[in-house]
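Data block below; observations after.
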Amino acid sequence: MSNPEETDPSAARSREVDTRGVIFSGLGLAAGLIASLVAMWGLFRVLEKRQERVDKPLPPQVVVNLKRIPPEPRLEPDPLALRRELRAQEDALLKSYGWVDRTAGSVRIPIDRAMEIVLERGVPGGKPMAAGGPAPAPATSGQKP
């Protein structure tokens, strides 16, 4: 018996890739991508114009004052430097051991260690909390103030 593909050329062609369909699909995808890009560009332009209408421009005097640098001597060339230095000193105190008053025997411990001690021992002089939650509210006499 002979092979049907040898006798019928259309049967052999049906197994081949449809190049015309692949090309049209690729062109359709490219056209869709271009249309999406154009639509996004237009959307961004519309939103930008809307934002420009909403934002009020600064008065010219304010713009000039913002660009102006005060004359010498400048009292604070770096205004945040003092705040950073103070924060570093405070952090050093909170994270270190040291004497507060040697004569009274008062010492300073790191805050993390102090919180651990409070968790272990409780607040000095405090009353233990009930297991059910916060303490009940004090009773009132029922009179309105």
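Just so it is clear, none of the values below were taken in a lab; they were calculated from the coordinates. No experiment lies behind these values; they were computed from the predicted model shown. Neighbour counts run over all protein chains shown; Cβ positions are idealised from the backbone, glycine included.
Tabulated data for the structure shown
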| read-out | value |
| --- | --- |
| Neighbours by Cβ (under 6 Å, 6+ apart or cross-chain): first from the range 45-66, without any contact (Cβ under 8 Å) to a residue 12 or more places away in the chain; second assigned to a helix (DSSP H, G or I) and among the charged types (D, E, K, R) | none |
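Each row is one residue, and each column tells you yes or no for (1) among the hydroxyl-bearing types (Ser, Thr, Tyr); (2) in a loop (DSSP other than H, G, I, E, B); (3) loosely packed, with under 11 Cβ neighbours inside 10 Å; (4) in contact with a Phe, Trp or Tyr (Cβ under 9 Å, 6 or more places away or on another chain).
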| residue | (1), (2), (3), (4) |
| --- | --- |
| Arg74 | no, yes, yes, no |
| Leu82 | no, no, yes, no |
| Leu86 | no, no, yes, no |
| Gln89 | no, no, yes, no |
| Trp99 | no, no, no, no |
| Ala104 | no, yes, yes, no |
| Leu119 | no, no, yes, no |
| Pro124 | no, yes, yes, no |
